[in-house]
Every structure is written in structure tokens, then in C-alpha cells.
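Peer 1: Got a structure for you, written out below as C-alpha cells; questions coming shortly.
None of the figures in this text is laboratory data; all of them are computed from the coordinates on show. Just so you know, these numbers come straight off a predicted model, no measurement behind them. Here the Cβ positions follow ideal geometry from the backbone for every residue, glycine too, while neighbour counts run over all protein chains shown.
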Amino acid sequence: MPEGLEAEIYRRAGEHLVGGRIEGITVDPACGDARSLAVLVGAQIESVRRIGKLVLVDTAAGVLGMHFGMTGRLVVDGSAPIEALEYGSARDDPRWDRLVLVVDGRMARVNDPRRWSRHTLDPDLSRLGVDIFAGARALRLRLDAVSHRSTSTKAVLLDQSVIAGIGNLIADEVLFIAGIDPARSFCSHDQPARAELARVISRVVRRLDRLGGSHMGVTGPAMRSAGGSCPNDGAAFARSEVAGRTTFWCPVHQR
Ligand SMILES: [Zn+2]
């Protein structure tokens with residue numbers, strides 16, 4: 001499941017296309033509307049941005065928004081970023097190409113076995129919160145403004161209108177490092193606690209980015225599949241469902 005960190009890896013790959021002219025767009029009808037995206041043909045790519053999990057390709061004719069769903073990834077000129085092996089299938093089957101952009105004779109494809117990626121013209125960004133890379137201060141200001149009453153801390157972290165780009169793996173890693181029970185009510189955190197949580201989010205995002213993606217944390221897929229114990233206190237990790245997502249956490253130090 002690509003999270004904001006993977007989208008950032010794709011954005012960097014897409015940056016190689018800046019300055020090029022879009023010569024063709026093909027989209028799987030389940031993943032986008034070919035007629036609306038056709039206005040981008042002939043347009044020059046001015047920049048490639050990212051907000052949360054969404055990669056945005058800017059042109060004078062409109063903005064292409066790419067959302068990668070659970071299994072999509074961006075392949076530019078036949079080379080997929082290295083994290084590709086960690087998500088879904090490691091195969092790069094051309095039948096799974098859901099969006100193909102031809103840019104100055106080069107190809108950028110969204111390869112997505114499950115067909116859950118979505119590609120839209122001028123996507124609505126008004127419901128996205130502050131981006132995961134915005135820094136601890138901006139994250140703290142946003143967390144201070146959260147007032148949903150009985151929501152769990154994990155649900156607030158996953159809410160893209162609060163912080164855009166946190167998915168299940170980053171959320172579990174942040175809660176593990178911060179020592180917070182994922183099911184604990186968010187409104188139980190006072191201002192200093194929210195400030196500390198913002199600092200942890202910022203630190204975790206940067207560390208996972210340096211390491212190669214959201215799967216690189218202590219609570220990442222390696223521990224999830226093999227089981228494991230907390231490096232802080234030796235307790236076995238607990239598994240439960242919080243905010244509708246499978247959650248791994250330490251029942252001893254996460255409170
Ligand atoms: Zn622990």
C-alpha cells in the first residue's frame with residue numbers, strides 16, 4: 001500500500017519528465033476517464049508535485065492527479081523504484097498498466113495489479129490536510145486544531161484531512177515510537193503531548209524516507225509476518241483492529 005513516502009519516491013522518479021511534452025495518454029476505464037485526461041495531450045510538464053499520497057503532474061492544460069491505490073507504482077522508462085518489491089507483486093506485467101503517459105518518446109506507467117489506482121484531471125485538493133513532510137511545527141498546529149471527540153489516536157493519524165500521507169505502516173510506527181496505545185482517544189492528548197506527537201511524526205517520516213520507505217520501521221512487514229517482540233521491553237507485539245486497519249503495537253510501553 002503506497003503511503004506518502006512511496007508517493008514521494010514516485011514523485012522523484014516523475015521529476016525526470018519535467019520539461020517534456022505529453023504525446024499520449026492511455027488509461028484503464030476502471031482507473032480514470034480517458035476523455036477528460038485527453039486535454040493533457042500536447043501539453044508540456046511544468047512540474048511534478050506531491051501532496052500526501054497524491055502525485056500531481058502540472059501542465060498549462062490542467063493537472064494530472066495520480067493516486068496509487070493499494071498496489072500501484074510508477075515505472076518511468078522501464079525502471080521501477082527499489083521499494084517496488086515490498087508492495088504487492090514484484091512482477092511488472094504490462095497487462096497491469098492502468099495509466100500510460102508518453103512524454104517525448106519516453107514512457108511513464110502506473111503498474112497496478114489490483115486496478116485500485118485512480119487518475120483524474122484537476123483533482124480536488126481542498127480536503128487534504130498538512131503534508132507529512134511539512135515539519136514538526138506545521139504538524140503540531142494541525143494536531144492542535146483536531147477536535148473530533150471520541151476518535152482513536154490511530155484514526156486521527158490516518159485521517160488524510162488532518163495529515164496527508166500517513167498510511168497504516170507509518171501510523172503504527174509513529175505510535176510505537178511515541179509510546180501511544182493506538183486505540184487511545186485522541187482528545188486525551190493535551191497540547192504538550194500533541195507537540196511531542198508532531199515531533200515524532202516528523203522524525204519517523206524522515207527516518208523511514210532515508211531507509212527507503214514506509215515498510216522499513218520496527219513495526220513493518222518483516223515483524224508483521226514473522227511476529228516479534230518489542231526491542232524496548234521484550235513484550236510480544238499485540239495485533240488488533242483499530243480504525244478498521246490491522247494494527248501491531250506493544251501492550252507494555254504503548255499507553
Ligand atoms: Zn514495548
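Peer 1: May I ask for the angle, rounded to the nearest 10°, between helix 168-178 and the longest principal axis of the chain, with both axes built from Cα atoms and the value confined to 0 to 90°?
Peer 2: Rounded to the nearest ten degrees, it is 30.
Peer 1: I need the phi-derived Karplus couplings for segment 149-159: 6.51 cos²θ - 1.76 cosθ + 1.60, θ = phi - 60°, integer Hz, Gly and Pro marked x.
Peer 2: 5, 9, 6, 5, 4, 5, 4, 5, 5, 7, 6
Peer 1: Applying 1/(1 + (r/R0)^6) with R0 = 22 Å to the Cβ-Cβ distance of R91 and L125, what FRET efficiency is obtained, to the nearest 0.05?
Peer 2: Calculated transfer efficiency: 0.10.
Peer 1: With r defined as the distance between the Cβ atoms of D144 and R106 and R0 fixed at 45 Å, what FRET efficiency is calculated, to the nearest 0.05?
Peer 2: E between D144 and R106, to the nearest 0.05, is 0.50.
Peer 1: Angle, helix 191-211 long axis vs. longest principal axis of the chain, Cα atoms, 0 to 90°, nearest 10?
Peer 2: 50 degrees
Peer 1: Follow-up question, since we're still on this one. Calculate the length of the line joining the C-alpha centroid of segment 201-255 to that of segment 107-141, in whole Å.
Peer 2: So the two Cα centres are separated by 23 Å.
Peer 1: DSSP beta bridges in the chain, what fraction antiparallel, as a percent rounded to 5?
Peer 2: 95 percent
Peer 1: Now a separate question. Taking the mean number of other Cβ atoms within 10 Å as a proxy for protection, how do you rank 63-73, 39-49, 163-173 from highest to lowest?
Peer 2: Result, highest mean first: 163-173, 63-73, 39-49.
Peer 1: Calculate how steeply helix 4-14 sits against the longest principal axis of the alpha-carbon atoms of the chain, using the helix alpha-carbon long axis, and give the answer as 0 to 90 degrees to the nearest 10.
Peer 2: Rounded to the nearest ten degrees, it is 20.
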